[in-house]
Amino acid sequence: MITFDKPLIINLKNYNEISGENSLKIVEDARKVCLLNHKNIIIAPPPSSLLALSKQGVPIVSQHVDDSTIGATTGFIIPEILKSYGAVGSIINHSEHKIDHSQIKNLVKRLRDLDMISIVCADDVDEVEAISRFSPDYLAIEPPELIGKGIAVSKANPSIIRDSVRLVKQISSTVRVLCGAGIVDKNDIEKALELGSEGILISSGVVKATSWYNKILELSSVLK
């Protein structure tokens, strides 16, 4: 299985800024940064862009995946199909697309069996504790009230990162904790790393930046 040390995972969501050819442009900017500083940058585009963007030299993950079977299952995003498109894994249980914990457990296993990574989101410390027992590859702590607000969780609620890291390490030595929600600059990332974060999950802080290349370069330079 591919592993990523201190990744910068950029969730493009369904923002208008990345519609059409713009999704290709942001991946190209990410690839240029990767070539410059050799950092682990991962892009999570809308499902319709997965196949095209997976061929651009930057690791691609899905924004969501369903615990449904391959075959006659219309409208679902299936792990096996994701892999055939070139995706290396998927975000699971984002606060904008919550699923049952039983499905999370199944999906973590399905992705692992396919040599794909799981990036599972948690809203609070209680959910961190529950999800860490499923041993995902990455567990992203993202308080939903801070997502897209421009107020980094590392500043607004630093204890949730510290407590999450401590709790996860008590349960599993393999799960890596990511920090998300409200991150906009390198100072936010530096603080998150000080608190024990092992990578970053970000969205609007990059997508809505005036220069994607400059913002990705700024943020990734801290992840060392």
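FYI, it's all coordinate maths here, none of it is from the lab. The structure displayed is predicted, hence computed values, not measured ones. Methodologically, a virtual Cβ is constructed for each residue, glycine included, from the backbone with ideal geometry; neighbour enumeration extends over all protein chains shown.
Each label point is 7 Å from the Cα along the Cα-to-Cβ direction; what then is the distance between the points at His97 and Leu24, in nm?
2.3 nm
Quick one: 3J(HN,Hα) in Hz for segment 199-205, Karplus 6.51/-1.76/1.60 with θ = phi - 60°, rounded, Gly and Pro as x.
Here the 3J(HN,Hα) series is x, 10, 10, 9, 9, 4, x Hz.
For Ile117, what residues show an amide H to amide H distance below 5 Å, using hydrogens built from the backbone and excluding near sequence neighbours?
Gly89, Ser90
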